[in-house]
Each structure stands twice: as structure tokens, then as C-alpha cells.
1. Considering each residue of the stretch 49-104, count those that are touching an Asp or Glu at 6+ places or on another chain (Cβ under 7 Å), among the polar types (S, T, N, Q) and more than 18 Å from residue 151 (Cβ to Cβ), and give that number.
2. Regarding residue 157, is this residue closer than 24 Å to residue 209 by Cα, surrounded by 13 or more Cβ atoms within 10 Å (Cβ to Cβ) and of a type outside the set (Lys, Arg)?
3. Among the candidates 90, 67, 2, which residue alone is acidic (Asp, Glu), at pLDDT 95 or above and within 24 Å of residue 179 (Cβ to Cβ)?
4. Output the qualifying pairs, or none if there are none: Cβ atoms under 7 angstrom, residues six or more apart or on different chains, first residue in the stretch 35-51 and closer than 18 Å to residue 73 by Cα, second residue among the polar types (S, T, N, Q) and in a strand (DSSP E or B).
5. Please indicate, with yes or no, whether at least one residue in the stretch 123-132 is within 20 Å of residue 194 (Cβ to Cβ) and touching a Leu at 6+ places or on another chain (Cβ under 9 Å).
6. Answer with yes or no whether residue 210 is more than 29 Å from residue 128 (Cβ to Cβ), in contact (Cβ under 8 Å) with a residue 40 or more places away in the chain and open to solvent by 10 Å² or more (accessible area, probe 1.4 Å).
7. Could you run through the stretch 103-125 and say how many residues are in a strand (DSSP E or B), open to solvent by 30 Å² or more (accessible area, probe 1.4 Å) and touching a Phe, Trp or Tyr at 6+ places or on another chain (Cβ under 7 Å)?
8. Would you check if residue 171 is hydroxyl-bearing (Ser, Thr, Tyr), in contact with a strand residue (DSSP E or B) (Cβ under 8 Å, 6 or more places away or on another chain) and closer than 21 Å to residue 118 by Cα?
Amino acid sequence: ADRSFEEVRRFSSPYARQGPAVDEGHFYAVTNQAIGKYDKSTGELVNEWVGPEDGPITHLNSGIVFDGVLYAAHSNYPDAPMVSSIEMWDSETLEHLGSHAFGIRPGSATWIDRRDGRWWVGFANYEGRGGVPGRPPSWTHIVVFDEEWREIGGYTFPPGVVERFLDRSNSGAAFGPDGYLYATGHDAAEIYVLAVPDAGAELRLIEIVPAPAEGQGIAWDRTEPGTLYTIIKAEEVVVVSRMIGA
């Protein structure tokens with residue numbers, strides 16, 4: 001691999017179960033029904049949002065912060081039919097602002113990112129728990145939406161990446177400072193560096209990089225280029241790393 005990740009620091013958080021998000025001064029740890037907001041320098045918890053156990057938000061995933069709003073992918077995993085939405089919070093107060101509902105789609109929303117004025121959302125498919133018969137992990141895909149959430153494109157993952165998902169799927173992804181899409185599976189401590197193709201609909205695998213993560217969501221720090229946030233779910237920690245090479 002031309003790239004590698006060097007761990008800089010790590011922070012403990014009971015919310016570090018699904019994925020992180022990050023902005024200029026804070027990082028956010030996301031679990032199924034809760035979000036913790038932390039000071040990026042000290043790791044101090046400064047705010048939190050906890051949803052009701054019987055509420056409409058049941059399985060949050062990766063998120064991003066854009067223009068003062070925290071966006072997080074959400075689904076009804078492991079139930080079927082698969083129903084997804086994008087949930088939104090004020091990043092300052094963590095007040096829930098609303099959602100964009102996708103309804104039933106062929107896949108569960110696991111991550112969201114933004115590139116060139118468009119929304120990119122990953123929809124996961126599984127074998128076994130959380131899956132739908134006839135839609136194995138190879139059905140995992142990315143949908144591109146415009147500002148009004150109109151579908152304008154989509155991509156699939158190359159077979160060499162899908163086979164590493166095993167019976168699980170794509171859990172997180174975010175565009176890096178080099179323009180490539182960095183994606184994760186569900187469990188493996190590795191990141192797949194992918195290029196958006198000039199033709200066709202299949203992403204192109206550039207390389208596979210060992211990473212301080214256990215799959216799950218990831219987030220690039222846009223204010224510190226080359227700094228990546230990942231989580232280790234089993235240890236409930238957020239890991240901050242710096243990319244080396246490339």
C-alpha cells in the first residue's frame with residue numbers, strides 16, 4: 001500500500017458504536033439512538049442527544065457536519081422491508097431538526113457524504129441477519145442525489161471489495177483530501193480506497209489500507225486535511241489518525 005495511517009490519539013466514548021463525525025472544534029460519536037459531542041482537543045463531553053427507546057430513530061450510522069447541521073444515515077436494520085432516512089441535528093445544540101425520508105429502498109442507509117454540491121449515500125445489503133432473500137452484499141450500492149434529494153446517479157462496489165464484506169456490507173465511506181472515496185466494511189480493520197470511474201458504474205479499487213478501525217463509520221476532518229476519525233466498536237473508542245503517503 002502507498003498509504004498508511006498513524007494513530008495520533010484516541011478517546012473513550014460509550015457512543016462510539018456506529019461511526020464518528022467531525023467539524024472544526026468537535027467530534028461526534030454516534031450509536032443507534034444517541035449522539036455524543038466532544039471537544040476535539042480534550043475529549044470532554046460537551047453535549048449529547050439521546051432518543052427514546054420506543055421512538056422513530058432506531059439505528060443511526062455514519063454522519064457528516066455541513067453548514068452547522070449534523071446529518072446521519074438511519075435505517076430500520078435489521079427489520080425488513082428496508083426503510084431508511086437521513087436525520088438532521090443542529091451541530092451546536094444537538095436539537096433534532098428533522099429528516100429526509102427515503103422510505104423503502106433496496107438497501108439500508110449506512111453513510112452520507114457530500115461532494116461537488118451533491119449528496120452521496122451508501123445503501124447496504126447483507127446475507128443473513130438484516131438481509132433480504134435474493135439481495136446479497138453484491139447489491140450494496142451508492143446513490144447520488146442533488147440538492148433537492150432527486151436521484152441523479154449511482155455506483156456499485158468492485159467484486160474484490162464485496163468479497164471482503166463477507167456476509168456483511170459497506171458500513172462507512174467518505175471522500176478523502178485526494179478525491180478518492182475511502183470505504184469500510186463491517187468488521188475488518190482495513191479501508192478500501194476507491195476511484196469514481198470515468199465510464200461505467202463500478203467504482204475502481206486503488207488499494208486496501210490497514211486502519212485503526214473495526215469497519216463501521218469513518219469521517220475525514222475537513223479542517224485538518226489528512227486526519228481521519230474511526231471507531232473501534234468493541235472498545236468503544238474514537239481513534240484519530242493521520243494519513244501517510246499518497
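1. 1
2. Against the criterion (closer than 24 Å to residue 209 by Cα, surrounded by 13 or more Cβ atoms within 10 Å (Cβ to Cβ) and of a type outside the set (Lys, Arg)), residue 157 qualifies.
3. Within the list 90, 67, 2, the selection yields 67.
4. Short answer, once both residue conditions are applied: 37/47.
5. There is no residue in the stretch 123-132 that is within 20 Å of residue 194 (Cβ to Cβ) and touching a Leu at 6+ places or on another chain (Cβ under 9 Å).
6. Considered against the rule, which asks whether it is more than 29 Å from residue 128 (Cβ to Cβ), in contact (Cβ under 8 Å) with a residue 40 or more places away in the chain and open to solvent by 10 Å² or more (accessible area, probe 1.4 Å), residue 210 comes out as no.
7. Counting residues in the stretch 103-125 that are in a strand (DSSP E or B), open to solvent by 30 Å² or more (accessible area, probe 1.4 Å) and touching a Phe, Trp or Tyr at 6+ places or on another chain (Cβ under 7 Å) gives 3.
8. When the stated conditions are applied, residue 171 passes them.
The values are calculated or read from the model by the stated rules, or taken from the named source; none is laboratory data. In this text, all values refer to a predicted model and were calculated from it rather than measured experimentally. Neighbour counts run over all protein chains shown; Cβ positions are idealised from the backbone, glycine included. Surface accessibility is based on the protein's heavy atoms, side chains included, excluding ligands, DNA and RNA. Shrake-Rupley method; radii C 1.70, N 1.55, O 1.52, S 1.80 Å.
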